[in-house]
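**Q** What follows is a structure written as structure tokens; I'll ask about it next.
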Amino acid sequence: MSISGSDSDNNKAGTEHHRPLRSFVIRAGRQTASQKEALEKYWSHYVIDDTTSPLDTEAVFGRKAPLVLEIGFGMGDSLAEMAAANPDHDFIGIEVHRPGVGKLLGHIERLGLSNLRIYCHDAVEILANCIADHSLTTVQIFFPDPWHKKKHNKRRLVQPAFIADLSQKLVTGGTIHLATDWQHYAEHMMDVMSAAEALENTAGAGAYAQSTGRPETKFERRGHRLGHGVWDLVFRTTVMKP
Ligand SMILES: C[S@@+](CC[C@H](N)C(=O)[O-])C[C@H]1O[C@@H](n2cnc3c(N)ncnc32)[C@H](O)[C@@H]1O
């Protein structure tokens with residue numbers, strides 16, 4: 001998981017102008033033996049490899065149930081916990097960091113979770129290619145990379161166009177739940193979400209959500225150790241778009 005990076009990663013010496021600016025940098029990262037084993041043994045069971053076709057959730061889960069999408073689940077501990085606690089919901093997790101995918105695969109197998117599947121790919125592309133409009137009850141993005149240097153702010157995942165795309169994927173009354181430990185990003189999120197069409201703040205205009213009941217994430221624990229605050233935002237869609 002990276003919280004830093006440089007535009008040159010994506011745009012070396014101006015030679016790759018047409019590549020989209022991504023919200024992540026893939027780093028080699030350490031992979032534990034158990035993550036490696038889980039990737040080898042369970043990838044084919046729980047990772048959806050087709051990243052270009054619409055997802056048929058009824059075929060994948062064998063039922064029709066409220067669908068929750070988490071973007072950037074990191075090591076997946078909190079996502080596994082939520083899936084285990086909500087067996088009547090189905091969950092899709094998207095993450096580009098392979099050790100994290102390995103960790104979550106281990107959790108899925110250990111907990112016997114039949115309601116959780118993974119994409120190991122850029123969420124922006126998965127959203128565009130695989131997720132049907134008005135199909136999600138919840139989208140959650142917990143502690144997305146803050147890209148805190150001003151010149152990198154444009155790499156933040158939470159941007160007006162992305163939130164408009166996300167809103168389109170939600171059922172009416174569906175929610176987008178964001179959390180961050182970076183105050184400047186929280187304020188940016190609040191501006192973007194408040195300005196979005198057909199979204200209303202469940203906590204009231206300009207207010208951050210209190211006690212949302214979500215499990216603490218690994219990145220959040222790191223923030224606590226560093227003395228960071230935590231800001232949650234929960235917005236709901238108000239009008240079904242045609
Ligand atoms: C700061 S970490 C937080 C991880 C986790 N949510 C937590 O709170 O512990 C952000 C994660 O988002 C992932 N990420 C960033 N942009 C992404 C994208 N476009 N598609 C999929 N994953 C992405 C990164 O790989 C990273 O693991």
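The values are calculated or read from the model by the stated rules, or taken from the named source; none is laboratory data. These numbers were taken from a predicted model, which means no experiment stands behind them. Backbone-built Cβ (ideal geometry, glycine too); neighbour counts: all protein chains shown. Heads up: the accessible areas ignore ligands, DNA and RNA and are worked out on the full protein's heavy atoms, side chains in. Shrake-Rupley method; radii C 1.70, N 1.55, O 1.52, S 1.80 Å.
**Q** Enumerate the amide H contacts of Ala132 below 5 Å, restricted to partners 5 or more residues apart or on another chain; note that Pro and chain-start residues carry no placed amide H.
**A** Leu55
**Q** Let me ask something additional. Show me, for region 136-153, the HN-Hα J-couplings you get by feeding each phi into the Karplus relation (A = 6.51, B = -1.76, C = 1.60, θ = phi - 60°), rounded to Hz, glycine and proline as x.
**A** Computed from phi, the couplings for region 136-153 are 10, 8, 8, 10, 10, 9, 9, 6, x, 3, x, 6, 6, 6, 3, 5, 9, 3 Hz.
**Q** Provide, for the chain, the number of lysine pairs with alpha carbons under 28 Å apart, each pair being eight or more places apart or on different chains.
**A** Here the count comes out as 22.
**Q** Would you calculate a helix-derived [θ] at 222 nm for the chain, using -39,500 (n - 2.57) for each DSSP H run of n ≥ 4 and dividing by the full residue count, to the nearest 500?
**A** -10000 deg cm²/dmol
**Q** In whole percent, how big is the carbon plus sulfur part of the accessible area of the chain, probe 1.4 Å, protein atoms only?
**A** For the chain, the apolar C and S fraction of the accessible surface comes to 52 percent.
**Q** Now a separate question. Using 18 Å as the cut-off for backbone N distance, which residues of region 92-134 belong to the label zone defined by a point 7 Å from the Cα of Glu197 along Cα→Cβ?
**A** In region 92-134, the label zone of Glu197 (backbone N under 18 Å from the point 7 Å along Cα→Cβ) covers 133-134.
**Q** Measure of size requested: the Rg and Dmax of the chain, with Cα atoms as the atom set and Å as the unit; please supply both.
**A** For the chain, the Cα-based Rg and Dmax read 17.4, 50 Å.
**Q** Rounded to whole Å and ordered largest first, report the semi-axes of the equivalent ellipsoid of region 26-97 derived from its Cα gyration tensor (root of 5λ).
**A** Values for region 26-97, descending: 23, 15, 12 Å.
**Q** Of the candidates Val158, Val171, Val60, which one comes out as most mobile in a Gaussian network treatment of the chain with C-alpha springs shorter than 10 Å?
**A** Result for the chain, Cα springs under 10 Å: Val60 fluctuates most.
**Q** Near Leu116, within a Cβ-to-Cβ distance under 15 Å, what is the net charge of the other residues, with Lys and Arg +1 and Asp and Glu -1?
**A** Net charge in that neighbourhood comes out at -3.
**Q** What is the antiparallel percent of DSSP beta bridges lying wholly in region 32-237, to the nearest 5?
**A** Among the beta bridges of region 32-237, antiparallel pairing accounts for roughly 35 percent.
**Q** For region 207-217, just list the computed ³J(HN,Hα) in residue order, Karplus coefficients 6.51, -1.76 and 1.60, θ = phi - 60°, integers in Hz, with x standing in for Gly and Pro.
**A** Values per residue, Gly and Pro as x: 9, 8, 6, 10, 5, 7, x, 6, x, 5, 9 Hz.
**Q** Here's a follow-up. With a 1.4 Å probe and every protein chain left in place, work out the accessible area per residue of the chain in Å², rounded to a whole number.
**A** 49
**Q** Let me ask something else about it. Just how many % of Cα pairs in region 105-228 lie over 17 Å apart, if you round to the nearest whole percent?
**A** Value for region 105-228: 64 percent of Cα pairs lie more than 17 Å apart.
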